[in-house]
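Asks: Just dropping this structure here.
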């Protein structure tokens, strides 16, 4: 596995990568700074909303956009669609002039590699913040392997979790 993240990009910008990937989503404000997210064990200043994995990063990106626009394809996109449609608080905080959805990704060589990495990142996030990222609906293999990985401090320092 690579563990080298791409630069953050606007969700409307194509990924130009169509193979195995682990990816993250966040909102940034109009200055490009992450929108902090209140969590059970303290605020997440990186604003991480979702950690996912897919066989194609570009397909994941387009599925997220489909979810946002038409309540279809991708759970994180569908949740944003629901919030845009029904939450006045969300519309106040995340309208087009105030914030933008971004993604970044790591390239992976195989399905196994990307699934293990996603699981580890979500579990590390839970250990740090007391719950999964807001748009993740589940914790992979929630009953197995909960010891924090040796890389958790490295990821915290780099702002990955």
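The values are calculated or read from the model by the stated rules, or taken from the named source; none is laboratory data. Everything numeric here is computed off the predicted structure, so don't read it as measured data. Counting neighbours? That spans all protein chains shown, and the Cβs are built from the backbone with ideal geometry, glycine included.
Asks: What are the residues in region 30-54 that are within 16 Å of the chain's Cα centre (by Cα) and more than 18 Å from residue 126 (Cα to Cα), if any?
Replies: Selection gives 33, 34, 35, 54.
Asks: Related question: Quick check on region 109-121. Is at least one of its residues in contact with a helix residue (DSSP H, G or I) (Cβ under 8 Å, 6 or more places away or on another chain) and modelled with pLDDT under 95?
Replies: No: region 109-121 contains no residue that is in contact with a helix residue (DSSP H, G or I) (Cβ under 8 Å, 6 or more places away or on another chain) and modelled with pLDDT under 95.
Asks: Which one of 18, 77 is over 23 Å from residue 128 (Cα atoms), modelled with pLDDT under 95, crowded, with 20+ Cβ neighbours inside 10 Å and in contact with a helix residue (DSSP H, G or I) (Cβ under 9 Å, 6 or more places away or on another chain)? Let's see the steps before the verdict.
Replies: On the way: 18 fails: crowded, with 20+ Cβ neighbours inside 10 Å.
Among 18, 77, only 77 is over 23 Å from residue 128 (Cα atoms), modelled with pLDDT under 95, crowded, with 20+ Cβ neighbours inside 10 Å and in contact with a helix residue (DSSP H, G or I) (Cβ under 9 Å, 6 or more places away or on another chain).
Asks: Still on this model: Determine whether residue 60 is at pLDDT 90 or above and loosely packed, with under 15 Cβ neighbours inside 10 Å.
Replies: no
Asks: Still on this model: Suppose the filter is exposed (fewer than 13 other Cβ atoms within 10 Å of the Cβ), at pLDDT 95 or above and either out of contact with any helix residue (DSSP H, G or I) (no Cβ under 6 Å at 6 or more places or on another chain) or under 20 Å from residue 40 (Cβ atoms) (or both); does residue 106 pass it?
Replies: Numbers: exposed (fewer than 13 other Cβ atoms within 10 Å of the Cβ): no; at pLDDT 95 or above: yes; either out of contact with any helix residue (DSSP H, G or I) (no Cβ under 6 Å at 6 or more places or on another chain) or under 20 Å from residue 40 (Cβ atoms) (or both): yes.
Considered against the rule, which asks whether it is exposed (fewer than 13 other Cβ atoms within 10 Å of the Cβ), at pLDDT 95 or above and either out of contact with any helix residue (DSSP H, G or I) (no Cβ under 6 Å at 6 or more places or on another chain) or under 20 Å from residue 40 (Cβ atoms) (or both), residue 106 comes out as no.
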